[in-house]
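Shown next, in structure tokens, is the structure this report addresses.
The values are calculated or read from the model by the stated rules, or taken from the named source; none is laboratory data. Since we're looking at a predicted model, the values are computed, not measured. Ideal geometry is used to build each Cβ from the backbone, glycine not excepted, and the neighbour counts take in all protein chains shown.
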Amino acid sequence: MTDQRHHSIVLGADWVLCEERAAGAPEAIHDAECLACGQRSPLFDNDALPVAVWALQHTQQAPDHDRFLFRTEQHWRAVRRPDAGEGGGGRASPVGAFLDRAAGPAFVGLMCLLTALSGLLPTLTS
């Protein structure tokens, strides 16, 4: 992987979803579509102003074409979390790693057990 800066969007247990910052990747790609006729503007990297100018020129040519769908696209990449090793979890201490691995499944198991017991509760009380 080349030298990239990652701006985190979503953190997962072992993965991070971040904006793509590779060489040549634009920060955003902008375009617009006329809702009256479906004509689309050219794509513009990193600048929404030319798209707005296109929309105004399109409306000048067809005054009843005054509604547009503007789009902004970004490149994202899922990368392995830097502090997630073979043990996963992302915590440095052994206790923290244990809690990451045990607390989630234990909580889900406890909730399943409580749900099952709540279904039996009316039977036991009658």
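Out of all the residues in the stretch 51-68, which are within 17 Å of Gly38 (Cβ to Cβ) and of a type in the set (S, T, N, Q)? Answer for the stretch 51-68, where residues must be within 17 Å of Gly38 (Cβ to Cβ) and of a type in the set (S, T, N, Q): Gln57, Thr59, Gln61.
Working carefully through the options Ala32, Ala52, Ala23, Ala48, find the one that is in contact with a helix residue (DSSP H, G or I) (Cβ under 6 Å, 6 or more places away or on another chain) and either over 12 Å from Leu69 (Cβ atoms) or crowded, with 17+ Cβ neighbours inside 10 Å (or both).
Details: Ala52 fails: in contact with a helix residue (DSSP H, G or I) (Cβ under 6 Å, 6 or more places away or on another chain); Ala23 fails: in contact with a helix residue (DSSP H, G or I) (Cβ under 6 Å, 6 or more places away or on another chain); Ala48 fails: in contact with a helix residue (DSSP H, G or I) (Cβ under 6 Å, 6 or more places away or on another chain).
Result: Ala32 is the single residue among Ala32, Ala52, Ala23, Ala48 that is in contact with a helix residue (DSSP H, G or I) (Cβ under 6 Å, 6 or more places away or on another chain) and either over 12 Å from Leu69 (Cβ atoms) or crowded, with 17+ Cβ neighbours inside 10 Å (or both).
Among strands (runs of 3 or more DSSP E) entirely within the stretch 21-126, having at least 2 residues that are modelled with pLDDT of 95 or more and of a type outside the set (Gly, Ala, Ser) singles out 29-34, 68-73.
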